[in-house]
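Presented below is the structure to which this report refers.
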Amino acid sequence: VNTSPPVVLTIAGSDNSAGAGVQADLKTFFAHGVYGLTAITCVVAEVPGVVSAIAPVPAEVVAKQIELCLAHYPVAAIKTGLLCSREIVEVVAAFFSRHEIPIVIDPVMIATSGDLLLAVEAIEIYQTKLFHGATLVTPNLDEAGALLGRPVREIDEMRVAGRDLEARFGCPFLLKGGHLKGKDATDLLFWNHQVEEFSAPFVAGIQSHGTGCTYSAAIVAGLALGFSLDSAIRKAKDYVTRAITGHFRWNEIDALNHHASEAS
Ligand code: PXL
């Protein structure tokens, strides 16, 4: 038994349906044999496809959570997920500027359902204060479009967008092409002015939720375990593809039957 696994910290929101957010991160960390700490930024009341409410945690309380984690544990790597408000993005940027710990930024802005999760004013703070010096930023196509101010819709636009993002912010970008129509889900890594491709068969016809969270959590676990950036991404892509292929499905009708039998 490894009694001192690497420690990672996720700074992210809570998803009660537990497919995304800190819940997805903790499950992924556990599956990789790393110990996950959490700093909760907000509570999202939701089920896949429907966001019903979002309550941010006060920025000072987010700061305290991060401070305690860094003061008491040997944190090997950090990931950020939904940061919710401008104030919270500023708090995270301030810690980041004082520590050398590798950080993977999943710039969560919009849920797969289309709901806006991040305050629009926060996007500018990501760009001006958070990206610089990051180990990796992992936008999907909508987020890449929001960061660049123009749509990114197909693979050729992805190639130009990734180069522009790397040049503009000076850190590695993994552009996730999972929302492209096609038989493969292709992601492109831009670092050191080179492009590397990661492809897996696209799993059609499922209502996915939290795949981005799971992917970036698996990448950060790989980094904490000592893998290089591209190896960590390759292993994480495989992990998330297996997670999607082996998805669970509960029908609402099952839930209704369950309630009915409980009531009787
Ligand atoms: O998948 C994006 C995401 C991230 N973090 C939290 C979420 C969601 C999507 O709904 O709730 C907490």
- Message: So the check is Cβ under 9 Å with 6+ separation or different chains; which pairs have a first residue in the stretch 181-192 that's farther than 20 Å from Thr135 by Cα and a second one that's among the aliphatic types (A, V, I, L, M) and surrounded by fewer than 12 Cβ atoms within 10 Å (Cβ to Cβ)?
- Response: Lys183/Ala204
- Count - residues of the stretch 129-144 that are farther than 17 Å from His209 by Cα and either among the β-branched types (Val, Ile, Thr) or without any contact (Cβ under 8 Å) to a residue 12 or more places away in the chain (or both): 2
- Note on the structure: Restricting the stretch 7-22 to residues that are touching a residue at least 60 places away in the same chain (Cβ under 8 Å) and surrounded by fewer than 20 Cβ atoms within 10 Å (Cβ to Cβ), the one farthest from the ligand (Cβ to nearest atom) turns out to be Val7
- Can you tell me which residue in the stretch 76-109 is nearest to Lys176 (Cα to Cα), limited to those that are of a type in the set (Gly, Ala, Ser) and away from the ligand (no atom under 11 Å from the Cβ)? Ala77
- Identify the single condition in (1) in a strand (DSSP E or B); (2) within 11 Å of the ligand (Cβ to nearest atom); (3) over 16 Å from Val92 (Cβ atoms); (4) not polar (S, T, N, Q) that Gly36 does not satisfy, given that it satisfies every other one. (2)
- Message: I'm trying to understand the selection: among the residues of the stretch 188-229, which are within 16 Å of the ligand (Cβ to nearest atom), of a type outside the set (Val, Ile, Thr) and either farther than 27 Å from Val51 by Cα or under 17 Å from the mean Cα position of the chain (by Cα) (or both)?
- Response: Ser208, His209, Gly210, Gly212, Cys213, Tyr215, Ser216, Ala217, Ala218
- Query: Is the stretch 56-63 home to any residue that is modelled with pLDDT of 95 or more and within 30 Å of Trp250 (Cβ to Cβ)?
  - Reply: yes
- Query: Among the numbered criteria (1) within 16 Å of the ligand (Cβ to nearest atom); (2) out of contact with any Leu (no Cβ under 6 Å at 6 or more places or on another chain), which single criterion is violated by Pro58?
  - Reply: (1)
- Message: List the strands (runs of 3 or more DSSP E) inside the stretch 119-219, counting only whole elements, that have at least 2 residues being of a type in the set (Gly, Ala, Ser).
- Response: 194-201
- Subset of the stretch 10-43, residues aliphatic (A, V, I, L, M) and closer than 25 Å to Ala53 by Cα, comes to Ile11, Ala12, Ala18, Ala20, Val22, Ala24, Leu26, Leu37, Ala39, Ile40, Val43
- Task: Would you mention how many residues in the stretch 220-244 are free of Cβ contacts under 8 Å to residues at least 24 places away in the same chain, among the small types (Gly, Ala, Ser) and part of a helix (DSSP H, G or I)?
- Result: 3
- Contacts under 7 angstrom Cβ, first residue in the stretch 110-128 being within 10 Å of the ligand (Cβ to nearest atom), partner assigned to a helix (DSSP H, G or I), 6 or more apart: Ile110/Asp142
- Query: Does the stretch 174-195 contain any residue that is among the hydrophobic types (A, V, I, L, M, F, W, C) and touching a His at 6+ places or on another chain (Cβ under 8 Å)?
  - Reply: no
- In the stretch 70-85, is there at least one residue being of a type in the set (S, T, N, Q) and touching a strand residue (DSSP E or B) at 6+ places or on another chain (Cβ under 8 Å)? yes
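The values are calculated or read from the model by the stated rules, or taken from the named source; none is laboratory data. From a predicted model like this one, the values you see are computed outputs, not experimental measurements. Heads up, the Cβs are rebuilt from the backbone with ideal geometry, glycines too, and the neighbour counts pull from every protein chain shown.
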